[in-house]
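What follows draws every value from the coordinates through simple rules; no lab data is involved. Remember, it's a predicted structure, so these values are computed and weren't measured experimentally. Cβ atoms come from the backbone with ideal geometry, glycine included; neighbour counts cover every protein chain shown.
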Amino acid sequence: MTIWITRTRPGADRTAARLAEAALEVLVDPVLEVRPLPASTDLSGFAGLAFSSPNGVDAFAAVNRERALPTFAVGDATAEALAHHGFSQIRNARGDVAALARRIGEEAGGRVLYLSPAEPSADLVNLVAPYGVAMEARPVYETVPVVPAQALRTAGLTAALIHSARAGRVVSEVAGDRLGDLDILALSEACAAPFSDGTVRSIRVAPFPDDASLVRLTVDTLSKAR
């Protein structure tokens, strides 16, 4: 019984470590790769920074030494990445992009810069606009599909963890006949959507859109299946 972790590194390795603590066998074989984008480092006129993933934090921190501005994080993993890089004023929305927009709307003290992926899953700028907060999105990284190196040749593969809608789309496209052997454990309904045609064995969605909740769901689900 092997669990396929499809998310990008280094997040995939953190998920693997959590599952290993529960004595579950895992295979880290990402279907997406993170690549930094050239972006301006000018923060003039911004009163805060917003991040919707740890990838954005890592990409920004690699090129800019600013750590004092208030930062808004979508959830625990992003907040942990901010703390790791030395940011001191972290506001954790503990949810999805809509929760992040609410937190920014309630607490932003001025114009906010969103350090975003090239293809964000939701339009944070428009979600924040009704709160009267000015925001600019600046792409600092992209995720590109990669062919999984081992997963589709691994005997005993029984489940796949899906951390993003885009990863879900890639898995649904490349897994082919293996889909019928897989239980899909998804971070959100959007992550599960690419498998709604019924080709997989089962689909389960984490109660909260964070890695800890998805890990708990995985442990509960697969422990019962042993």
Restricting to Cα pairs under 8 Å and 6 or more apart, the percent relative contact order of the range 91-132 works out to 49 percent
The chain: longest segment with zero exposed GluC sites (Glu not before Pro), where exposed means DSSP loop plus at most 15 other C-beta atoms within 10 Å, is residues 67-226
Taking only the Cα positions of the range 35-143, the convex hull volume per residue in Å³ is 84 Å³
Diffusion coefficient in µm²/s returned for the chain by Stokes-Einstein, Kirkwood Rh over C-alpha pairs, 37 °C and 0.692 mPa s, is 181 µm²/s
Here the relative contact order (percent) of the range 35-143, from C-alpha pairs under 8 Å and at least 6 apart, is 32 percent
The chain: antiparallel bridges as % of DSSP beta bridges, rounded to 5, reads 15 percent
Of the residues Ala73, Val125, Pro38, the Cα lying farthest along the dipole of the range 35-143 towards its positive end, which is defined by charges on the beta carbon of Lys, Arg, Asp and Glu, belongs to Ala73
One finds the C-alpha centres of the range 49-125 and the range 170-200 to be spaced, in Å, by 29 Å
Counting only DSSP loop positions in the range 56-106, the trypsin sites (Lys or Arg not before Pro) whose Cβ has at most 11 other Cβ atoms within 10 Å are Arg65
In the range 35-143 the DSSP beta bridges are antiparallel at a rate, in percent to nearest 5, of 10 percent
The range 91-177 -> Rg/Rh from Cα coords, Kirkwood Rh, value 1.13
The range 68-226: relative contact order from alpha carbon pairs under 8 Å, six or more residues apart, as a whole percent, is 15 percent
